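Worksheet for the structure shown next.
Bear in mind that the values in this text are calculations on the coordinates, not laboratory data. Source: prediction; values computed, not measured. Note that each Cβ is placed from the backbone with ideal geometry, even for glycine, and that neighbours are counted across all protein chains shown.
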Amino acid sequence: MEPKENLLKIETHTAPALAERIRLSDYIPGIFKTLASRKASKKAIKNGLITINGDIGFTGDYLNGHEVLDLYQSPTQTKKPSIDLNLNVLFEDDYLAIVFKPAGIVVSGNKKFTLENALATNLKKSSQKDVLQRPEPVHRLDYPTSGALLIAKTSKALIDLNKMFEDKTIKKIYAAVTMGIQQKEGIIETEIDDKPSKTIYRVLQTQPSQKYNTLNLMELQPHTGRRHQLRKHMASLGNPIFGDLLYGEEGKNGKGNGLYLHAFSIQFQHPITGKEVSIHAPLPKKFNQLFPNISI
């Protein structure tokens, strides 16, 4: 285990009140955004990178509730590979960045070809003392989804932005195309994986389609961040997102153009400078091909 003074804190989590005590190794998976799997969580504990109330946590330690858990990053840890992928950087300063995620690439994971592995060659290294060894995506976009992706470049920015997502102070708006006659606007609060979920939707344009009956250009605003939330919520209305091979109707998904879901804008107060950040990611051409006079 590396001395704690050599480590860089990258995430903080306070455990809620717990109905019964739980082992650290059973509690951690899914808690820290930068630990993408159960295996990564166990490795972080083994390497002494997780503390409980300031003390190094061990696999067999029990949590009773209200403990402060910190995740650290070792500056000497094994470097991940870098890939040559030219990204459109929509915003960047010394603390964070927003990049355009293309459809058809995963944000992070164990594979080499991930967007995360392209960040170091597309972004300038921060000059701050708490610079991350590698820039870290703060949230995720599905493999077939394109659009604005928020990236942290320093430890403080990563911790603060994670907290802002938890507090729901980061506003994200998606553009999508759905199929079928649809209400002009509404709120969906159908639970996902037994967890509360909320999406606000609004129809921007509608046009008839001989093959798909009706196509709708939508504005979607998620207020929670469940996996596949927008895709599941739209499908639950009977208006699946065009091109959705997972939740759409078989034989009515279009061919070759992928999923019509795009993270169009992201807005928040900069956690370091306090300035308002409002960034729009240009719509892919396939949206304009269906709706030539888009206004969003």
Extension gain, residue 171 back to residue 214 (0.36 nm per residue minus Cα-Cα distance, nm): 12.6 nm
Diffusion coefficient, µm² s⁻¹, Stokes-Einstein with Kirkwood Rh over alpha-carbon pairs of the range 87-209 at 4 °C and 1.567 mPa s: 78
Set of the range 138-154 residues, backbone N closer than 13 Å to the point 7 Å along the Cα-Cβ line of residue 294: 146-148
Globularity index of the chain, i.e. its alpha-carbon radius of gyration over 2.2 N^0.38 Å: 1.08
Choice from 161, 141, 85 with maximal GNM fluctuation in the chain (Cα, 10 Å cutoff): 85
GNM top mover of 244, 130, 167 - the chain, alpha-carbon springs below 10 Å: 167
The chain - share of DSSP beta bridges that are antiparallel (%, nearest 5): 95
The range 172-262, Rg to Rh (Cα coordinates; Rh as Kirkwood inverse mean 1/r): 0.94
Kirkwood Rh, Cα atoms: Rg over Rh of the range 4-73: 0.92
Order of 66, 13, 262, 139 under a 10 Å beta carbon neighbour criterion, fewest first: 66, 139, 13, 262
GNM result for the chain, Cα springs below 10 Å: residue of 160, 55, 94 fluctuating most strongly: 55
